[in-house]
1. Tally up the residues in segment 43-64 that are without any contact (Cβ under 8 Å) to a residue 12 or more places away in the chain and either in contact with a Ser or Thr (Cβ under 8 Å, 6 or more places away or on another chain) or not in a strand (DSSP E or B) (or both), please.
2. Can you pull out every residue in segment 82-102 that is in contact with a Gly (Cβ under 7 Å, 6 or more places away or on another chain) and either over 16 Å from G18 (Cβ atoms) or polar (S, T, N, Q) (or both)?
3. Working only within segment 576-593, note down all residues that are free of Cβ contacts under 8 Å to residues at least 40 places away in the same chain, open to solvent by less than 30 Å² (accessible area, probe 1.4 Å) and under 35 Å from the mean Cα position of the chain (by Cα).
4. Considering only segment 235-249, how many residues are in a helix (DSSP H, G or I) and farther than 24 Å from F328 by Cβ?
5. Given the structure, is R300 open to solvent by 10 Å² or more (accessible area, probe 1.4 Å), farther than 17 Å from Q344 by Cβ and at pLDDT 95 or above?
6. Could you list all residues from segment 410-447 that are in a helix (DSSP H, G or I) and more than 13 Å from the chain's Cα centre (by Cα)?
7. Look through segment 467-496, keep the residues that are in a loop (DSSP other than H, G, I, E, B) and of a type in the set (S, T, N, Q), and return whichever of them is surrounded by the most Cβ atoms within 10 Å (Cβ to Cβ).
8. Would you mind telling me which numbered condition in (1) within 38 Å of the chain's Cα centre (by Cα); (2) buried (at least 23 other Cβ atoms within 10 Å of the Cβ); (3) more than 20 Å from F534 (Cα to Cα); (4) free of Cβ contacts under 8 Å to residues at least 60 places away in the same chain K642 fails?
Amino acid sequence: LKLDTATLWGLKIASCLGSQCDDSTIQYLGTDNEGCENGMSPLLDVAVNEGLMFKVDSTYSFAHDEIQNAAYSLIPETERKSVHLQIGKALCSRVPEDQLDSVLFIAVDQLFRGADVISSQDENIRLAYLALRAGNRAMTNAAYLPASLYLLQAIGLLEESDWTNHYDLTLQLYSAAAETCYVLGNFEILNELAKETLTKAACLQDKIRIYFALSNSLANQGKLLDAIDFGLGVLEQLGEPLPPNLDDDEVIAKYVMETSIMMRDIEVNDIIQKAAMQDEAKQTAMQFLSTMAMHSYLGRPKACPVISARMVQLTLSAGLCKESAFAFSMFGVILSRSPDGVNQGYRISKIALSLMEQMGDNGYIARVYACAYGLINCFVEPLQACVEPLKYAHEAGMANGDMGFAHATGLLAGSIAVQSGSNLESIAYQLSMRASKMTEANDRMMLHSIRVYECFARNLMGETDDPTQINHEGRDLLDDMLETQNKNARNHYYFARMILAYMFGRYELAADMAVGYRNAIVLLRNATLVNSIFYLALIALASADEDNKVDARRSAGEALSELEGWVGTSEWNYLHKMKFLQAEIALHDGNYEDAAALYDEAIRIASDHRFIHEQALASERCGMFYSSRMSNAQTAAAYFTKAAELYMKWGAKRKAADLLQMLTNSNSSSGDPFLLG
C-alpha cells in the first residue's frame, strides 16, 4: 500500500491525537502544510478508503491499534515531542477563544506531551494558565483524576520566582491541586502542597482553600477530633471563635435556647428577604462551621448543637449565604432528638428545603438532604419515602465534589433502606458500590458504617458462615472502627449486630451487643433512634432470666412509653412497633389472649405500612408464642410459614432457610426448637 506524502502526514498527526479524532478538532490542523490546503479531512478520507481508518459521523477512528502505532512510529522519536507541541500551539492559536473549551483538554494534553522542548519560562506560564483552566473545568465535571494531573503537571512547570512574578496563578494551581488530592485521597501530596502554600500565601484568605482541604483530609482519614480542633483554630483566625467548652451542657442549652427563640416565629419568606452576607470572614466561617458540623456529628456529637446554632445565628444576624439552608437543616436535627422537638425540627427542615430551592443553588443539596430526609423527616414522613431523596442527594454530592456529605447521604440511604424493609440484595449491591468508591478515595470517615449495613444485608442473604458477625474480608469491623475517632460508626455496628443476634435467636449475644450499643450511643441519631428503643426492649424481654425479669419488664414499659410518644409523630413508622412491643409485654405478663390479638394487629399494620421485615419478625414471634405457650402446632406452623415467605420476599434467604429448617425439626421431634427467650 502506497500513500502520498500529505496523506502520510495526516495519519501521523491523527496518531498523535489518539485512537480517534473529530472533524471539529482536525479542521484547525495542517492547512499550512503542502498538500493540506483543504485541511486534514480529505487526507483522512483517503485513509478511510484504504481501510486504515473508519469514519462514523464526524469522527475518524483507526481500524486497529497497530495501525495507529505504525503511523506514530513514522515520526522520528527525536521529533515527537515537537510535533505534539506544534499541535497544541496550533489548536490554541487557531481556535476562536469562545470555542477553545471544546478542544481545551486535547490542546493541553498535546502541549504537556511536548513540554520538555519548551524553551522559555514565558511559554511554561502560558501552558500553566491553560492547565489551570482545564483543571477547573475538569473539576466542574467531577473529573478529579484528570484535573489533578493537569494541575500537578502545571505546578511542575513553575519556578520559585513564580510565587512572586505570577502569584495569583501559582496560588490557584496549588489550591486547586490540593482540593483534587483531598477528593482522590492523595494525602501525602496534599500535605506537600499545603506546606508550600501556607508558607508562601500572602494573607489568611489565600490560605482558606488549603485549610478546607486539610480539614477534610483529616476527617477522611478518621481523625475527626483533629479535624474539629483544626477548624476551631481557623475560626479563631477569622475572628469568629466558638466557646472553648463546646461540650458543656449549660453552654449547649444556652446556644440552643437563644437560637430557638430567634427561630420561633420566623417563616421562610422572612429569611429569603434577608440581604446576602457581605462580611468575607463570616462567609468563610460559615463554610468551616458547615464542615465542622458533620465532623462533630460523627466524632464529637456534643459539640454539634453549638456549631449548628452558631450557623443559624450568623445567618439571621449577618445575612444569607450558600451555607444558610444547611445551617437551618442542621439546627432542625438538633431539635429532633425527642418527640416534643420533632415538630419544630420538621418545620425548620421544610424552611431549609424551601430556602435551598428559592436560592437556586444545589451545590449543598447533599448537606441539606442529609439533615432533612436522613435525620428529621424520617421521624415524621413514611420511612420508605426518605430513601430516594437520599440516593439522589448522594449522586448530586458526588457530582458536585461535596464528597463527605455525598458519602453521608449514601450511608443514610442505606441505613434507612435497611430499617424500612427495602430489598436486601439491592441494598447490598448499592452499599458495596459506595464502599468501593470510598476505598478508592482513601476515605475512612463513612466507610466502616457503610460496610456495617452491607454486612447486615449479606448476612441475612446467607453469604456468611455466622450471620451474627459483622466482618469484612475476615476481620471484625469493630477492630477497624476502634482505630478511628468515629463514634457514630460504633453506634451503627452495635445497632446492626444486636438486631442480627436477636433475629437469629442468640439472645445472650443480643444482650451483650445491647450493652455495647448503650455505651456507644451518640447525641444525634437517624431512624436508629426509635428503632433502637424498640429492639432494646425486645432484647431485654427475650434475654431476661429469673433474676432480672422485673428489670426487663420495667425497661420494656419505659420503652413502650417512649414509643407511644413517637407514634404521635408518625403512626406510619411506629404504630406497628408499639403493637409488637405491647404483644411481647402481654406475653411476658401472661396475658395470652391480649398477646395473640396484639401480634395480629402488629402484623396487619406492618403489612399495610410496608415494613415487610418487621411483619416477618412479628409473624415469627407469634408462631413462637403459639408453639411454646399455647401448644398449638398447627397455628404456629401457619405463622412460621408466612414469616419464612416474607423473609424470602425481603431477601433474607438465610433467615428463611433457618426458620424452615427449625419448622421441619419441630415436626420430627418431641422437643420445641422455638424458644421465645
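The values are calculated or read from the model by the stated rules, or taken from the named source; none is laboratory data. This one's a predicted model, so the numbers in the text were calculated from it and none came from an experiment. With ideal geometry, Cβ positions are generated from the backbone for all residues, glycine too; neighbour counts draw on all protein chains shown. For the accessible areas, the whole protein counts, side chains as well, though only heavy atoms, and no ligand, DNA or RNA atoms are used. Shrake-Rupley method; radii C 1.70, N 1.55, O 1.52, S 1.80 Å.
1. The initial filter retains those residues of segment 43-64 that are without any contact (Cβ under 8 Å) to a residue 12 or more places away in the chain, namely 45, 49, 54-57, 64.
So of that shortlist, the ones also either in contact with a Ser or Thr (Cβ under 8 Å, 6 or more places away or on another chain) or not in a strand (DSSP E or B) (or both) come out as 45, 49, 54-55, 57, 64.
Residues in segment 43-64 being without any contact (Cβ under 8 Å) to a residue 12 or more places away in the chain and either in contact with a Ser or Thr (Cβ under 8 Å, 6 or more places away or on another chain) or not in a strand (DSSP E or B) (or both): 6 in total.
2. Initially, segment 82-102 is screened for residues in contact with a Gly (Cβ under 7 Å, 6 or more places away or on another chain), giving 82, 84-85, 88.
Once the filter is applied, which keeps residues that are in contact with a Gly (Cβ under 7 Å, 6 or more places away or on another chain) and either over 16 Å from G18 (Cβ atoms) or polar (S, T, N, Q) (or both), segment 82-102 yields S82, L85.
3. Across segment 576-593, the qualifying residue is only M578.
4. Step one: filter segment 235-249 for residues in a helix (DSSP H, G or I), giving 235-238, 249.
Filter again for farther than 24 Å from F328 by Cβ, leaving 236-237.
Residues flagged as in a helix (DSSP H, G or I) and farther than 24 Å from F328 by Cβ within segment 235-249 amount to 2.
5. Numbers: open to solvent by 10 Å² or more (accessible area, probe 1.4 Å): yes; farther than 17 Å from Q344 by Cβ: yes; at pLDDT 95 or above: no.
No.
6. Taking segment 410-447 and keeping what is in a helix (DSSP H, G or I), we get 410-420, 424-440, 447.
Within segment 410-447, I416, A417, V418, Q419, S420, L424, E425, S426, I427, A428, Y429, E440 meet the criteria.
7. Going through segment 467-496, the residues in a loop (DSSP other than H, G, I, E, B) turn out to be 467-470, 473-474, 482-486.
Next cut, of a type in the set (S, T, N, Q) only: 468-469, 484-486.
On the way: T468: 19, Q469: 15, T484: 20, Q485: 22, N486: 27.
Filtering segment 467-496 for residues that are in a loop (DSSP other than H, G, I, E, B) and of a type in the set (S, T, N, Q), the one surrounded by the most Cβ atoms within 10 Å (Cβ to Cβ) comes out as N486.
8. Looking at each condition in turn, K642 falls short on (2).
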